[in-house]
Amino acid sequence: MDKICNVPVAVPSAPDLILDLLVAHGGTLTSQALCRAGALMGIGESTLRVGLTRLASDGKIGRGERGSYRLNRAGPALSRAVDDWQHKQAQAIAWQGDWLAVHDAGVPRADKTAWRHHGLALTLRGFAALRPGLHIRPDNLAGGLAAERTQLEALGLSAQALVFRLADLDAAAQAASRKLWDVRSLTADCRRLQTGLERSEKRLRTQPLEVAVRESLLLGRAVIAHLIRDPLLPAELMSPEPRAALLVATQRYQGKALQLWRQWLAQP
C-alpha cells in the first residue's frame, strides 16, 4: 500500500474505480473514458469492461446511450451509502442516552459471504461489540429504530439478527458502552486526513495533469472511505468538530479533483 501526503492509499479494483468515477462525476461516462481512467490506474481494458458488465448485471450502474454508463441511484444500499457520503452528517440528531442494539449470537457463520455482508452492515452503521453477540451504537440517528432496522437489512444484516432499542443500563454497563469507540484515534484520523488533503491540494496546482488526476482519485477515495465508516458518535462521546472540518476539506478537495478529471477526460 502506497502513501500520499502521509495517507495510506490503495489502487482500486476495476468495479471500485468505475463506481468512484460515476459517483464523483454525477452524470454519465462513456466506456472509452472509463477505460482511459483504468489505464491510468494500471487496469487493463478487458478487466475494466468485465467490471462494467458485472456492475450492470448487479444493478449498481445503468447503461445509457452510445456505450455510456451512470450510477444507479436506486440500486444496492452499499452503492447508495458511498454516493451519499456528503450528506451522512445530516443523519445525526440529539442523543438522549439510549442505544440501538443488534443481537446476532444465533446467526449462522457457514455462509461466509452472508456473514461478511452482515459484519459490513454493522461496521458501516457504527456498531461496536459490547458483549459477544451484542453490538450497540448510540440512538442518535434520524428515524430511530425503524429507520436503522431498514438500513441494516438493506446493507446485508442477517434476517436472524434481532435489532432493538436498549435502555436503562446500569452504571457499569453504561460506562463500558461509552468507551467502545476509540475516540482519540478517530479524532487523530480526521485531523491527519484533513492535513493530507490540504497538502495534496497545494501539490495539485504544480503537478502534471495526469499525475494530479491519479493522486486526487487515490487520496479522495481513501478519505471518503473513512467518512463512510465514521460512526457519527454524539457530541457527548466525541467532539463533532474534527469530522465537520474534514468533511468541509473533502468537499473542497473533491470539487477541485472533479475539475481536473473533467479536464483530463476532455483531452483527445
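If you check L145, L186, which single one turns out to be in contact with a strand residue (DSSP E or B) (Cβ under 6 Å, 6 or more places away or on another chain), under 22 Å from A92 (Cβ atoms), modelled with pLDDT of 95 or more and in a helix (DSSP H, G or I)? Let's see the steps before the verdict.
Details: L186 fails: in contact with a strand residue (DSSP E or B) (Cβ under 6 Å, 6 or more places away or on another chain).
The unique qualifying residue is L145.
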- Inside region 194-214, the number of residues satisfying the requirement of being open to solvent by 10 Å² or more (accessible area, probe 1.4 Å) and assigned to a helix (DSSP H, G or I) is 12
- Task: Take region 1-49 and flag every residue that is closer than 26 Å to A188 by Cα, open to solvent by 30 Å² or more (accessible area, probe 1.4 Å) and of a type outside the set (A, V, I, L, M, F, W, C).
- Result: D2, K3, N6, P8, D20
- With criteria (1) at pLDDT 90 or above; (2) surrounded by fewer than 16 Cβ atoms within 10 Å (Cβ to Cβ); (3) not in a helix (DSSP H, G or I), R66 comes up short on (1)
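Do any strands (runs of 3 or more DSSP E) lying entirely in region 1-45 carry at least 3 residues that are under 18 Å from L219 (Cβ atoms), and which ones are they?
Values: elements: 2-4, 7-9, 28-30.
It comes to 2-4, 7-9.
Inspect all residues belonging to region 249-268 and state whether any of them is loosely packed, with under 14 Cβ neighbours inside 10 Å and more than 26 Å from I43 (Cα to Cα). Give the steps one after another, and end with the answer.
Filtering region 249-268 down to residues loosely packed, with under 14 Cβ neighbours inside 10 Å leaves 251-252, 255, 259, 262-263, 266-268.
Pick out the ones that are also more than 26 Å from I43 (Cα to Cα) and you get 251-252.
For region 249-268, residues loosely packed, with under 14 Cβ neighbours inside 10 Å and more than 26 Å from I43 (Cα to Cα): present.
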- Item | Every pair of residues 6+ apart whose Cβ atoms lie under 9 Å, when the first sits in region 99-125 and is in contact (Cβ under 8 Å) with a residue 60 or more places away in the chain and more than 12 Å from S158 (Cβ to Cβ) while the second is aromatic (F, W, Y) and part of a loop (DSSP other than H, G, I, E, B) | L100/F127; A101/F127
- Positions within region 150-177 being part of a helix (DSSP H, G or I), out of contact with any strand residue (DSSP E or B) (no Cβ under 9 Å at 6 or more places or on another chain) and open to solvent by 80 Å² or more (accessible area, probe 1.4 Å), in sequence order: T150, A171
- Considering every residue within region 224-245, establish whether at least one is acidic (D, E), open to solvent by 40 Å² or more (accessible area, probe 1.4 Å), in contact (Cβ under 8 Å) with a residue 24 or more places away in the chain and over 29 Å from I43 (Cα atoms). yes
- Task: Identify all residues within region 126-154 that are more than 15 Å from H103 (Cα to Cα) and either among the hydroxyl-bearing types (S, T, Y) or in contact with a Leu (Cβ under 6 Å, 6 or more places away or on another chain) (or both); write none if there are none.
- Result: D139, T150
- Message: Just to verify a result, which residue in region 81-121, among those that are under 13 Å from the mean Cα position of the chain (by Cα) and of a type outside the set (D, E, K, R), is most open to solvent (accessible area, probe 1.4 Å)?
- Response: H87
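The values are calculated or read from the model by the stated rules, or taken from the named source; none is laboratory data. Here the structure is a predicted model, which is why all the values come from computation and not from measurement. So basically every Cβ, Gly included, is an ideal-geometry build from the backbone, and we count neighbours across all protein chains shown. Each accessible area value is taken on the protein alone, full model and side chains, heavy atoms only, with ligands, DNA and RNA left out. Shrake-Rupley method; radii C 1.70, N 1.55, O 1.52, S 1.80 Å.
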